[in-house]
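Notes for the one structure printed next.
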Amino acid sequence: MRLFLLPLLLLAATTARAESASAKALLPLFELAGIHLLCEQSAPLLQRGQDEAQQKRLAQLFAGEVFCLDLAKRVGARFDAAQGEQARERLDSPLAQRFTAAERAVGEQLEGLAEYRQRLQEQPPRGARLDLVKRLDAAARTTELASLLRYEVGKTQALLALRARGENLSETELQAQTQKQADAIRQSSEQAVETFMFYAYRQMPSDQLAEYVALYEHPSVSQLLAISLEVVPQLFAERREQLRKAVGKQ
């Protein structure tokens with residue numbers, strides 16, 4: 001019986017499709033990877049300088065939980081459950097938890113971070129440690145995530161300012177008008193991220209930092225971040241279109 005079943009099992013293995021990761025399963029991964037911060041910060045950043053009515057509209061459109069859920073649904077369509085489990089094993093590992101704790105501790109040491117940033121400007125880091133930090137930034141897509149959030153928020157605020165003056169730009173025109181700001185945003189984000197990493201991990205041995213880098217370089221984690229970075233601009237663009245329609249009805 002086992003010999004009879006073997007060809008059938010092999011056939012099933014070659015024809016079965018991988019099970020997509022559910023949105024519910026991806027939400028904890030977003031938190032572990034830091035993607036949820038992008039969801040949570042979108043509305044507060046957009047609301048700066050807006051009147052009360054506009055703030056309410058933005059709070060509804062960019063509500064963190066809804067934004068992350070929309071993101072999880074889109075990502076889940078291109079990210080299977082097996083990849084999700086592999087990513088979770090790495091992002092929720094004891095090593096990752098130690099580094100996460102070090103990152104959170106920076107929030108209680110902001111003065112120390114400012115002093116450390118000044119020292120780095122006077123004596124820029126070099127060598128293997130700098131290489132590791134740059135590898136981690138590239139693998140964890142930290143600068144890309146920060147830059148993307150700042151750019152999409154700025155683009156949305158530009159649209160709101162135009163609409164307040166009775167003007168309008170299509171999404172393509174808005175992209176062309178704001179694209180030149182992207183390089184400056186990325187450069188400043190990269191500097192801030194590197195300083196943060198040097199400070200947060202200053203007591204972490206380089207061998208552990210190298211292991212942490214490898215964790216983010218794993219294909220499952222890399223794929224999760226890459227797909228998320230592709231989807232986020234789509235979600236912003238769709239919400240900007242809703243803002244155009246809402247303002248147009250006023």
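Summary of computed values
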{"item": "Stretch in the chain that is longest and holds no trypsin sites (Lys or Arg not before Pro) that DSSP places in a loop and that have at most 13 other beta carbons within 10 Å", "result": "49-125"}
{"item": "Sequence-distant lysines (8 or more away, or on other chains) whose Cα lies within less than 17 Å of LYS73", "result": "LYS24"}
{"item": "Where labels lie 7 Å past Cα in the beta-carbon direction, separation of ALA210 and LYS56 in nm", "result": "5.8"}
{"item": "Residue order for ILE35, ILE185 - accessible surface, 1.4 angstrom probe, largest first", "result": "ILE185, ILE35"}
{"item": "Accessible surface of the chain [probe 1.4 Å, protein heavy atoms]: carbon and sulfur percent", "result": "52"}
{"item": "The chain, accessible area per residue, ligands and nucleic acids excluded (1.4 Å, Å²)", "result": "58"}
{"item": "Dipole of the chain, positive end: most advanced residue of THR143, LEU61, SER220 [Cβ charges, Cα centre]", "result": "LEU61"}
{"item": "Between segment 99-173 and segment 37-62, the Cα center-to-center distance that results, in Å", "result": "19"}
{"item": "Label selected from (1) 1.60; (2) 1.05; (3) 1.01, the criterion being Rg/Rh (Cα atoms, Kirkwood Rh) as computed here", "result": "(2)"}
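The values are calculated or read from the model by the stated rules, or taken from the named source; none is laboratory data. This is a predicted model, so every value here is computed, not measured. Here the Cβ is made from the backbone with ideal geometry for all residues, glycine too, and neighbour counts use every protein chain on show. Ligands, DNA and RNA are excluded from the accessible area calculation, which covers all protein heavy atoms including side chains. Shrake-Rupley method; radii C 1.70, N 1.55, O 1.52, S 1.80 Å.
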